[in-house]
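The values are calculated or read from the model by the stated rules, or taken from the named source; none is laboratory data. This structure is a prediction, so every number in the text was calculated from the model and none was measured. Heads up, the Cβs are rebuilt from the backbone with ideal geometry, glycines too, and the neighbour counts pull from every protein chain shown. Areas reflect the complete protein model, heavy atoms only, side chains present, ligands, DNA and RNA absent. Shrake-Rupley method; radii C 1.70, N 1.55, O 1.52, S 1.80 Å.
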Amino acid sequence: MSEYGSAPGSGAGSAPRSGPTPVGGDGGTLIVVAKAPVPGRVKTRLTPHFTPQQAASLARAALQDTLDAVLATPARRRVLYLDGAPGHWLPEGIEVVPQCAGGLDVRLAAAFSLYGGPALLIGMDTPQVTPELLARGLDFAGTDSWFGPALDGGFWALGLAGPDPALLLGVPMSVPHTGAVQRQRLTASGRRVRDLPVLRDVDTPDDAARVAASAPGTRFAALYAELCAAVR
């Protein structure tokens, strides 16, 4: 969970997937932590392989794919916890809440403090996420929390049956052991923890290629193919 508009891009990269159809389950609150896809502010590690404008377009596509999955997941509330201003990429049915100031641990803790009851928090770096995965992370029968590890050592999802912002404060973010520390916080608090599958965040050009190949039906994959074809 490393990055949380309107960027240039058209054609396959802007074409939506088929309309979301909610999957089964009661749902709680789904929170997407994101940064507005503005060139030079997002996906900077994709440059110079891609231009800042192209990197921002890929970020926008990843965010749109994520919001598609959120809209197709039964939930009491669907929230975009946003750093920046929303653009035409924002679909109907998503509530926008501005991020507070502070480090990432402070901002994630604040996101959980906004809502009572079960909540699942995810980032914008996993366009391959599915409604089925999100619905699983909102099902707290038999567990108190869900943890979605990322391949880079962080985490792509954190679900809490009873949100407690203190669980995130002080966790070192964007380092190789972020996930291990966060999961240990959960177990040390006495909570039962279940794990979601490991997913790859899109941070580097290699990540982008692998995620696009693993999720061919997404906006992200279509735009990635379009951009790669343009430079051949």
Seminar exercise, completed: residue 162 fails exactly one of (1) within 20 Å of residue 120 (Cβ to Cβ); (2) under 19 Å from the mean Cα position of the chain (by Cα); (3) at pLDDT below 95, namely (2)
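Collect the residues in the stretch 194-206 that are touching a strand residue (DSSP E or B) at 6+ places or on another chain (Cβ under 6 Å) and open to solvent by 30 Å² or more (accessible area, probe 1.4 Å), keeping them in residue-number order.
Here is the first cut: in the stretch 194-206, the ones touching a strand residue (DSSP E or B) at 6+ places or on another chain (Cβ under 6 Å) are 194-196, 198-199, 201.
Hits for the stretch 194-206 are 194, 195, 198.
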Exercise. In the stretch 70-95, how many residues are surrounded by fewer than 16 Cβ atoms within 10 Å (Cβ to Cβ), within 19 Å of residue 220 (Cα to Cα) and either touching a Lys or Arg at 6+ places or on another chain (Cβ under 9 Å) or of a type in the set (A, V, I, L, M, F, W, C) (or both)?
Worked result: 1
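Go over the candidates 63, 67, 58 one by one and state the one that is open to solvent by less than 20 Å² (accessible area, probe 1.4 Å), modelled with pLDDT of 95 or more and more than 22 Å from residue 152 (Cβ to Cβ). Walk me through how you get there before you give the answer.
Numbers: 63 fails: more than 22 Å from residue 152 (Cβ to Cβ); 58 fails: more than 22 Å from residue 152 (Cβ to Cβ).
Being open to solvent by less than 20 Å² (accessible area, probe 1.4 Å), modelled with pLDDT of 95 or more and more than 22 Å from residue 152 (Cβ to Cβ) holds for just one of 63, 67, 58, which is 67.
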For this session: Take the stretch 145-193 and flag every residue that is open to solvent by 50 Å² or more (accessible area, probe 1.4 Å), of a type outside the set (A, V, I, L, M) and part of a helix (DSSP H, G or I).
Result: 183, 184, 185, 187
Exercise. Since residue 115 meets every condition but one in (1) closer than 22 Å to residue 146 by Cα; (2) modelled with pLDDT of 95 or more, which condition does it not meet?
Worked result: (2)
For this session: With respect to residue 109, determine if the residue is farther than 28 Å from residue 169 by Cα and open to solvent by less than 10 Å² (accessible area, probe 1.4 Å).
Result: no
